[in-house]
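Right, one structure below, let's go through it.
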Amino acid sequence: MKIAIVGQQDFGKAVLEAFLTRGDEVAGVFCAPEKPGARPDVLKVAAQEKGVRLFQFQSLKSPDAGDAMRKLEADIGIMAFVLQFAPQEFVKIPKHGTIQYHPSLLPKYRGPSSINWPIIRGERKTGLTIFRPTDGLDEGPVVLQKETDIAPDDTLGTVYFDRLFPMGVKAMLEAADLVVSNKHKEIVQDESQATYEGWCRKAEARLNWANHVDFVYNAIRGCNPAPGAWTTLEGKELQLFDARKHPVRTFGAVKGKLGEVVEVTEKSFQVTAQGGRIEVLRAKLADGKKLAAAELLAGGLIKAGMLLGS
């Protein structure tokens, strides 16, 4: 088939390579312009290296973007991780229209941080959706969905890189085949089940040690590796990454103040929360590097009795 790819970053690059590897013709790639001083987008670099026509428009709503898409005469448009708004007059240009990837089970978790939030909320499953883009945010008819479990100790990194990323690339190929062969079904999203979550950024990633240990742990793993759950230590920002949860089942058995470093070993330190402790294995203090907790402890930067988040 002859396709046009709209996307960016590593996922866009992987989708481009997947279609080329199986012998499809990529007529062109639309990639958002980089900000001044930023590195070239890896999708842009890949398109240039493979001799694929590259377009970088400030807005896909511009007449020039529509003209460029029309001249490609693509069978289908493939939107692989797109932050630019793509209007209907653009996405409907290819012969079979356009399909888009979203890393959640739509209509749940619409929005830009749809991988973080299911983990933070303690969900036991998530997935991906290939759908028809409309002018509404992640609201179009569903073409294909794939599910994956969220294990108790999964992080954003394991869910995305180990599963949703490779599953998503394969799903884009599968959905494109279904649409171009007219073998697909389009299922309207149930608006009564729809949820929307905004960005998971620094403000949302701040830890509250007064919360139950389950909530604290879910926040840490849902923000690992980005944006990085954080607290404070003697006025400095402390980001927590790899961690373990140690719930206490007996009422009143939790020792120490909320946020207190109550136990230190050679490899980790434990912090008190409601109903248990968080054992920290990897962290980043202020402007330093991400380090194994052992290195922070060896340097005397973290000691028993210190209070986090105060």
Restricted to the stretch 1-12, and to residues that are part of a helix (DSSP H, G or I) and open to solvent by less than 40 Å² (accessible area, probe 1.4 Å), which residue is farthest from Ile78 (Cα to Cα)?
-> Phe11
Return a yes/no flag: does the stretch 245-259 have any residue that is part of a strand (DSSP E or B), surrounded by 19 or more Cβ atoms within 10 Å (Cβ to Cβ) and either at pLDDT below 95 or of a type outside the set (Lys, Arg) (or both).
-> no
From the option list Tyr196, Tyr217, single residue qualifying as open to solvent by 70 Å² or more (accessible area, probe 1.4 Å), among the hydroxyl-bearing types (Ser, Thr, Tyr) and under 23 Å from the mean Cα position of the chain (by Cα) is Tyr196
Test Ala74 against the stated conditions and say whether it is closer than 17 Å to Leu173 by Cβ, out of contact with any Pro (no Cβ under 9 Å at 6 or more places or on another chain) and not aromatic (Phe, Trp, Tyr).
-> no
One residue from Gln189, Gln239 being farther than 30 Å from His96 by Cβ, open to solvent by less than 40 Å² (accessible area, probe 1.4 Å) and either in contact with a Leu (Cβ under 9 Å, 6 or more places away or on another chain) or of a type in the set (A, V, I, L, M) (or both) | Gln239
Considering only the stretch 107-116, state which residues are touching a strand residue (DSSP E or B) at 6+ places or on another chain (Cβ under 9 Å) and either open to solvent by 20 Å² or more (accessible area, probe 1.4 Å) or not basic (Lys, Arg) (or both).
-> Pro107, Lys108, Tyr109, Gly111, Ser114, Ile115
Just a yes or no: is a residue in the stretch 13-31 assigned to a helix (DSSP H, G or I), open to solvent by 40 Å² or more (accessible area, probe 1.4 Å) and without any contact (Cβ under 8 Å) to a residue 12 or more places away in the chain?
-> yes
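Per-residue answers, yes or no, for (1) open to solvent by 40 Å² or more (accessible area, probe 1.4 Å); (2) part of a strand (DSSP E or B); (3) not basic (Lys, Arg):
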position	(1), (2), (3)
Gly37	yes, no, yes
Ala68	no, no, yes
Lys71	yes, no, no
His96	no, no, yes
Ile99	no, yes, yes
Leu105	no, no, yes
Ile119	no, no, yes
Asp135	yes, no, yes
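The values are calculated or read from the model by the stated rules, or taken from the named source; none is laboratory data. Just so we're clear, the structure is a prediction, and the values are computed from it rather than from any experiment. Please note: Cβ atoms are built from the backbone with ideal geometry, for glycine as well, and neighbour counts cover all protein chains shown. Quick note on the areas: whole protein, heavy atoms, side chains included, nothing else; ligands and nucleic acids left out. Shrake-Rupley method; radii C 1.70, N 1.55, O 1.52, S 1.80 Å.
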